[in-house]
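J.: A single structure is presented below for examination.
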Amino acid sequence: MKKNYSLFIALLSPAVFVLFFAGTLYHGGSPGGKTGSPGDNGSTCTACHSGTANNVDAWITTDIPELGYVVGETYTITATGTHAGVGRFGFELTAEDQNGNKVGQFAVSPDGQTQFANGNHAITHTSSGITPDGDTKSWSFQWTAPDTDLGIITFYASFNAANANGGTSGDV
């Protein structure tokens, strides 16, 4: 009988671990490939969180000149999400050429609120970068343009306005 009890505990422990941490696994950042971009096959945070992805303008800002990037130059990118009543925010952002290839090089912010994702081809939040200021959260970081002119480069991001209930339901 004792042997069966030990086997039951051994089998139950991983299940409890998964259920307990299922809603908290990505507080430390996106698993990668969730920007909604063509190179990410359109995948967004809704792959893990409930809800529907919505297009929102002006949540990505930059100091790239209106006429376009200069090869090899470094620019500041700011990702800002806003949602009434948010408890936590998360995001993942990438840059792609017209063929869906990841381009340029990101540098994480010195404040420790961002980190690399998706094999260093994207940037995401850290666990210390999820707390909003009111209903808004911003992350600023650097992006260096490619060494050759690749034409139009588009920045894609997916944001998650979480209700902080520890699960994946009720998030936007």
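J.: So which of D135, D97, D147 is within 20 Å of T80 (Cβ to Cβ), in contact (Cβ under 8 Å) with a residue 12 or more places away in the chain and acidic (D, E)?
T.: Details: D97 fails: within 20 Å of T80 (Cβ to Cβ); D147 fails: within 20 Å of T80 (Cβ to Cβ).
From the options D135, D97, D147, the qualifying one is D135.
J.: Separate question: Looking for whichever is crowded, with 16+ Cβ neighbours inside 10 Å and either within 13 Å of the chain's Cα centre (by Cα) or part of a loop (DSSP other than H, G, I, E, B) (or both) here; the options are L93, L67. Which one fits? Let's see the steps before the verdict.
T.: Details: L67 fails: crowded, with 16+ Cβ neighbours inside 10 Å.
Answer to the check: L93.
J.: I've got another one for you. Does the range 112-132 include one or more residues that are of a type outside the set (V, I, T) and more than 17 Å from the chain's Cα centre (by Cα)? Give the steps one after another, and end with the answer.
T.: Applying the first criterion (of a type outside the set (V, I, T)) to the range 112-132 yields 112-113, 115-122, 125, 127-129, 132.
Narrowing the set further to residues that are more than 17 Å from the chain's Cα centre (by Cα) leaves none.
Within the range 112-132 (the criterion being of a type outside the set (V, I, T) and more than 17 Å from the chain's Cα centre (by Cα)), the answer is no, since none of the residues qualifies.
J.: Just the residues that are of a type outside the set (S, T, Y) and in contact with a His (Cβ under 7 Å, 6 or more places away or on another chain), please, taken from the range 101-128.
T.: Step one: filter the range 101-128 for residues of a type outside the set (S, T, Y), giving 101-108, 110-113, 115-123, 125.
Matches in the range 101-128: K102, Q113.
J.: Every residue in the range 117-139 that is surrounded by fewer than 19 Cβ atoms within 10 Å (Cβ to Cβ) and farther than 28 Å from N165 by Cβ, please.
T.: Residues satisfying the conditions are G119, N120.
J.: Mind listing whichever residues of the range 31-64 are crowded, with 18+ Cβ neighbours inside 10 Å and of a type in the set (D, E)?
T.: D40, the sole residue that qualifies.
Only the coordinates and a few stated rules stand behind these numbers; no lab work does. Note that the structure is predicted; figures quoted are calculated from it, not measured. Note that we place each Cβ from the backbone using ideal geometry, even for glycine, and neighbour counts take in every protein chain shown.
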